[in-house]
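Notes for the one structure printed next.
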Amino acid sequence: MVLRLRPGEDLSTIPSVLDETRLWQLLEPFGLDLSSAQTDQILAYLHLLLRWNQKINLTAIRDAEECVTRHFGESLFIARHIELHGNLLDIGSGAGFPGLALKIAFPRTSVTLLEPVAKKRAFLKEALRACGFGPVEVRAERLEDLARATPAPAFDFATMRAVGNLEVLVPLAAQCLKPNGSLLLWLTRDQAAALAGIESGLAWSEPLPIPLTRTGEIWRGIKPG
């Protein structure tokens, strides 16, 4: 089922689930530097996510405040440490985290969202339309198919969050990077332990602990130049 705004309706006319003050309070632990326009975009995106999530299982998190910290805060936290540029591939985008959230922080970055599930792609496209995002490409391929394309795709950054099968996906993601490109992974410490045994050719930096989590970390693997 595709949920769209009714004729004549836009997100600005619908009462928000949170106000800007409360949004800033929730995001404060992540140390983000966002403009008023960016916070407006987050609130619009959050509202649409919660509305669609009533009919389509986009995320198991139903509480608005937990969505802010777990999805937006954790995704955007990387902006404190890395300046994204060029083009970004988000693998298994789901409801758009981290890839679509990072488009808010880095609007000039070209973003490709890879999501094989049709209902989730429908949500992503509606979020692009309703929330005022710049150009973003939503693609249906699986990473395996994209990595085998000729010529091979070349991205400055690739991101993965809340995905499994790392022993397969990490090497495939590395194939899609430019030389000196970076793979960014949102993992628990238990998941990260598997990286040592994966042959990907990436050089891993020290992980970044994610605020408000006990074991959440962001790992960065750089492809040699």
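Worth pointing out:
- Taken together, 206, 217, 199 contain a single residue that is of a type outside the set (A, V, I, L, M, F, W, C) and surrounded by 14 or more Cβ atoms within 10 Å (Cβ to Cβ), which is 217.
- Selection count where residues are on the phi < 0 side of the Ramachandran plot and either at pLDDT below 95 or over 14 Å from the mean Cα position of the chain (by Cα) (or both), scope the stretch 85-122: 7
- Taken over the stretch 140-169, the criterion of being loosely packed, with under 14 Cβ neighbours inside 10 Å, assigned to a helix (DSSP H, G or I) and not acidic (Asp, Glu) is satisfied by 168 alone.
- The test for being among the small types (Gly, Ala, Ser) and in a strand (DSSP E or B) does not hold for residue 200.
- Failed item in (1) β-branched (Val, Ile, Thr); (2) farther than 19 Å from residue 31 by Cα; (3) touching a residue at least 40 places away in the same chain (Cβ under 8 Å), with residue 198 passing the rest: (3)
- Qualifying positions in the stretch 104-139 - crowded, with 17+ Cβ neighbours inside 10 Å and not in a helix (DSSP H, G or I): 106, 109, 110, 111, 112, 113, 114, 115, 131, 133, 136, 138
The values are calculated or read from the model by the stated rules, or taken from the named source; none is laboratory data. Worth saying up front: this structure is predicted, and the values here are computed from it rather than measured. With ideal geometry, Cβ positions are generated from the backbone for all residues, glycine too; neighbour counts draw on all protein chains shown.
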